[in-house]
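Below is one structure; the comments refer to it alone.
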Amino acid sequence: MIEYFNEYIIILIALLICVIMSIIRVARGPTAPDRIVGLDTINTIVISSMVIFGAAFREVIYIDVAIVYALLSFISTLFIAKYLEGGDY
Amino acid sequence: MLGLIVDVIIYIFLIIGVFFNFLAGFGLLRFPDVYTRLHAGTKCTTFGSIFITGSVIILGLKMWYLGNADGSVLAIHTAGALIAILLTNPTGAHAIARAAHRSGVKPVAAIVDGLDEMNKKTIKKPNEKKEVKK
């Protein structure tokens, strides 16, 4: 494991702190849109951290996972927003 | 010498991206309202992700220039991820803001809600439509 240690691991730890701050907002949020804002922020940070994973281990497959994760999280965000909006859909 | 300059550019891009992502988390904790939190949590992550993916693209181009054929694949796929982020993130933020306004969440210091008055004049809100059906 020590042979893979490079500067990108430090970047990943910093991004993990951002994810933890967003998780606190998801747990504490007074209304439902607050929690969705936290989830959307977590999704974007996870996408960028997967790109950093791909650069750290020099593997392209992580970046493909990041693309698919971006599109699926976009669809889930749209669906939850449509559910909150109410009415017939 | 050129490799050193490219490495410095990559590190500067990474530091800018992580700083803006950290600002997003911090603003998400500190702001008082849904709309201001959305402002912090979406714009800052989009800007930071542009810089992080840009640094990985520069890394892939450097690997490709040095003779490693995997570098071009890394750069092109990261550009695809960047396009996906740029297309999906503002659209999701717009959908969340619209859903929050229609579900009745008001801004903290708001006195006059101009969008609500205009919606009442022109179109019916979907919540009111449901009440008419009952």
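Laboratory data are not the source of any read-out in this text; all were calculated from the coordinates shown. Predicted model only: the values in this text are computed from it and were never measured. We place every Cβ from the backbone using ideal geometry, glycine too, and count neighbours over all the protein chains shown.
For region B:1-93, compute Rg over Rh where Rg is the Cα radius of gyration and Rh is the Kirkwood radius from the inverse mean 1/r over Cα pairs. Working shown, then result.
On the way: Rg = 15.6 Å, Rh = 14.3 Å.
Computed over Cα atoms, the ratio is 1.09.
Dipole check for chain B: with +1 at the C-beta of Lys and Arg, -1 at the C-beta of Asp and Glu, and the Cα centre as origin, the magnitude is about 940 Debye.
In chain B, helices alone account for a calculated mean residue ellipticity at 222 nm of -29000 deg cm²/dmol, with every DSSP H run of four or more residues adding -39,500 (n - 2.57). For A:VAL60 and B:ILE5, a Förster radius of 30 Å and the Cβ-Cβ distance give a FRET efficiency of 0.70, rounded to the nearest 0.05.
Taking 7 Å steps out from each Cα toward its Cβ at B:THR122 and B:HIS39 produces label points 2.3 nm apart.
When the helices of chain A are scored as -39500 (n - 2.57) per DSSP H run of n ≥ 4 and the total is divided over every residue, the value at 222 nm lands at -28500 deg cm²/dmol. When chain B is treated as a Gaussian network with alpha carbon springs shorter than 10 Å, the biggest mean-square fluctuation among B:LYS62, B:LYS43, B:LYS121 belongs to B:LYS121. Given q = 0.08, 0.17 Å⁻¹, what are the Debye log10 I(q)/I(0) values for the protein assembly as shown, with equal point scatterers placed on the Cα positions and solvent ignored? Each listed q corresponds, in turn, to -0.35, -1.12.
Using θ = phi - 60° in the Karplus curve 6.51 cos²θ - 1.76 cosθ + 1.60, the 3J(HN,Hα) couplings for region B:41-46 round to x, 9, 5, 5, 5, 5 Hz; x is entered for Gly and Pro. Does region A:2-85 classify as rounded, prolate or oblate by the C-alpha gyration tensor (a ≥ b ≥ c root eigenvalues; a/c under 1.5 gives rounded; else a/b over b/c gives prolate, otherwise oblate)? In terms of gyration-tensor shape, oblate. Axis angle, to the nearest 10 degrees, between helix B:2-30 and the longest C-alpha principal axis of chain B: 20 degrees. Here region A:9-89 is assigned +1 on the Cβ of each Lys and Arg and -1 on the Cβ of each Asp and Glu. Its dipole about the Cα centre then comes out at about 240 debye. Each Cα pair under 8 Å and six or more residues apart adds its sequence gap; the mean of these over the residue count of chain A is a relative contact order of 26 percent.
Multiply the residue separation of B:LYS106 and B:THR91 by 0.36 nm, subtract the distance between their alpha-carbon atoms, and state the gained length in nm to one decimal.
On the way: separation 15, 0.36 × 15 = 5.40 nm, distance 2.10 nm.
Gain on stretching B:LYS106 to B:THR91: 3.3 nm.
Of the residues A:LEU72, B:VAL6, B:VAL108, the one whose Cα sits farthest towards the positive end of the charge dipole of the protein assembly as shown is B:VAL108 (charges of +1 on Lys and Arg Cβ, -1 on Asp and Glu Cβ, taken about the Cα centre).
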